[in-house]
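The values are calculated or read from the model by the stated rules, or taken from the named source; none is laboratory data. None of the values given here were measured: they were computed from a predicted structure. A quick note on method: Cβ atoms are made from the backbone with ideal geometry, for glycine too, and the neighbour counts reach across all protein chains shown. Ligands, DNA and RNA are excluded from the accessible area calculation, which covers all protein heavy atoms including side chains. Shrake-Rupley method; radii C 1.70, N 1.55, O 1.52, S 1.80 Å.
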Amino acid sequence: MGFISSEDLQWVNDTLKKIEEKMVPVTERNRNKIPYTTDESGRFDDRSDKKEICWWTNGFWGGEMWQLYKLTGNDMFKEEALQVEEKLDAAFLNYNGMDHDAGFRWLPTAVINYKLNKGEEAKNRGLLAAASLAGRFNLNGNFIRAWNDWGDGRDTTGWAIIDCMMNLPLLYWASDVLADPRFKKIAMAHADTAMKNFIREDGSVRHIVGFDPFTGKFDREYGGQGYGEGSSWTRGQSWAVYGFALSYIHTGEKKYLETAIKVADYVLSEMPETFLVPIDYRQPKTDNLEDSTAAAITAGGLIEIAKSLMGVYSVKESDAQNDNELNIEDDKERAQKYLAAAVKLLKALDSHSCDYTLDRDNLLTRGSVDYHGNGHHMAIIYGDYYYIEALMKLNESALNVF
């Protein structure tokens, strides 16, 4: 497609080469792990034991390995991806650990494995995960419940979160594989509810919304991982930008692309000149707290919006349920705006927030879990995954995981 300049393409390829040179020795010394973050010496931890196998990020190391395998052809990366997939089988036996993040765990592992190799075991794992996710659907409110009980007295029965938009492709995939519309209809019902209840008029996004689980009525919003109620947690905005773009790609429903664009335009209106993304777009201006993971995810979502506007994806006419004035056939000028922003985000990460040395295992250095907690400016595995994925999207080598 060649949608970025030759100069930018050279930068992408050079950056991916640096990543390859780092990740070969990093992966060699972290065989058979499922990492989430690093210790004080910069070495990956391991979340693959029985106690932590359900941790929500446990699919991203496998996804990173598949992308690196596609990039390099090195079988070590494939072997590591497969070991993650096999270890995740233990999560199926833990009901309380099977939450809305099934997509984050099995899309980058079992589903991508099935797409590549058509193995029945991978297909079975992906479908088990999809069935579990579909089982979380609340018919009263048309939403997918986020979490099970945490044992701390909070009632999360009616809670849904914006992150779940990124898990819906697991349901779209299951419908395609089984030729069964149930999964797709659940995904679209949740997307419609999220569009109505999470997206504010100005394009900013709520993180957590509580519904009455018996009537389905909107109850309240929660501050979640952002600065507070009514704020604008940046990773939540990124999940919305990317997630609604994916729902458009999977359904042809233009309202989802419109929603992704609405949030993207809000994000770009709040973006610092440095393109170094804060934890919350509404945090105090005196704060210097950043979240490099939000930057990487936003970049990936902006690229998907641009590709959609350029007509890269073929959408079946029968999939389109509505019509509106959005021209998605050849809107190259708007597409270039989003592509340019994605490149700026990734270049800012490359120059300011990446560690390409061989001594430390992580790539991104300034990821933040939330605003008020202690997890600031740290390594987080999904940051690395989305950084690599976005770069590979730009040179058209990325595997289509979501």
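Just one of the listed residues (PHE198, PHE183) is buried (at least 19 other Cβ atoms within 10 Å of the Cβ), touching a Lys or Arg at 6+ places or on another chain (Cβ under 8 Å) and not basic (Lys, Arg), and it is PHE198.
Restricting segment 218-264 to residues that are basic (Lys, Arg) and more than 17 Å from CYS164 (Cα to Cα), which is surrounded by the fewest Cβ atoms within 10 Å (Cβ to Cβ)? So the residue we want is ARG220.
Of all residues being hydrophobic (A, V, I, L, M, F, W, C) and in contact with a Phe, Trp or Tyr (Cβ under 8 Å, 6 or more places away or on another chain) in segment 148-160, which is least open to solvent (accessible area, probe 1.4 Å)? Just the residue, please.
At the first step, the residues of segment 148-160 found to be hydrophobic (A, V, I, L, M, F, W, C) are 150, 159-160.
Keeping just the survivors that are in contact with a Phe, Trp or Tyr (Cβ under 8 Å, 6 or more places away or on another chain) gives 159-160.
On the way: TRP159: 21, ALA160: 1 Å².
Taking the candidates together, the pick is ALA160.
What number of residues within segment 303-318 satisfy the criterion of being assigned to a helix (DSSP H, G or I), modelled with pLDDT of 50 or more and closer than 22 Å to ALA189 by Cα?
Let us first name the residues in segment 303-318 that are assigned to a helix (DSSP H, G or I), namely 303-309, 317-318.
Okay, now just the ones that are also modelled with pLDDT of 50 or more, so 303-309.
In the following step, the residues that additionally are closer than 22 Å to ALA189 by Cα were identified as 304-305, 308.
Residues that pass the stated criteria total 3.
Against the conditions (1) open to solvent by 10 Å² or more (accessible area, probe 1.4 Å); (2) part of a helix (DSSP H, G or I); (3) closer than 18 Å to PHE402 by Cβ, GLU79 satisfies every one except (3).
Put simply, of LEU133, LEU128 the only residue that is free of Cβ contacts under 8 Å to residues at least 40 places away in the same chain, assigned to a helix (DSSP H, G or I) and open to solvent by 30 Å² or more (accessible area, probe 1.4 Å) is LEU128.
Given the options PHE218, PHE137, name the one that is closer than 22 Å to SER231 by Cα and either of a type in the set (Phe, Trp, Tyr) or touching a Leu at 6+ places or on another chain (Cβ under 6 Å) (or both). If you could, list the steps in order and put the result at the bottom.
Working: PHE137 fails: closer than 22 Å to SER231 by Cα.
Being closer than 22 Å to SER231 by Cα and either of a type in the set (Phe, Trp, Tyr) or touching a Leu at 6+ places or on another chain (Cβ under 6 Å) (or both) holds for just one of PHE218, PHE137, which is PHE218.
Checked against the criterion of being among the acidic types (Asp, Glu), at pLDDT 95 or above, part of a loop (DSSP other than H, G, I, E, B) and farther than 26 Å from TRP147 by Cα, segment 31-39 contains one or more residues that satisfy it.
Looking across segment 108-156, the residues that are touching a Lys or Arg at 6+ places or on another chain (Cβ under 7 Å) and not aliphatic (A, V, I, L, M) come down to TYR114, ARG136, ASN138, ARG145.
A quick yes/no check of all residues on (1) open to solvent by 40 Å² or more (accessible area, probe 1.4 Å); (2) closer than 26 Å to GLU28 by Cα; (3) not charged (D, E, K, R):
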{"site": "ALA342", "(1), (2), (3)": "no, no, yes"}
{"site": "ASN374", "(1), (2), (3)": "yes, no, yes"}
{"site": "TYR387", "(1), (2), (3)": "no, yes, yes"}
{"site": "SER397", "(1), (2), (3)": "no, yes, yes"}
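Looking at segment 63-70, is at least one residue aliphatic (A, V, I, L, M) and part of a loop (DSSP other than H, G, I, E, B)? No: zero hits. GLU221 meets the conditions (1) in contact with a helix residue (DSSP H, G or I) (Cβ under 7 Å, 6 or more places away or on another chain); (2) part of a strand (DSSP E or B) in every case but one. The failed one is (1). Among the residues of segment 108-125, just one is small (Gly, Ala, Ser) and either more than 19 Å from ILE34 (Cβ to Cβ) or open to solvent by 30 Å² or more (accessible area, probe 1.4 Å) (or both), namely GLY119. Scanning segment 232-270 for residues that are within 22 Å of TYR222 (Cα to Cα) and not in a helix (DSSP H, G or I) turns up SER232, TRP233.
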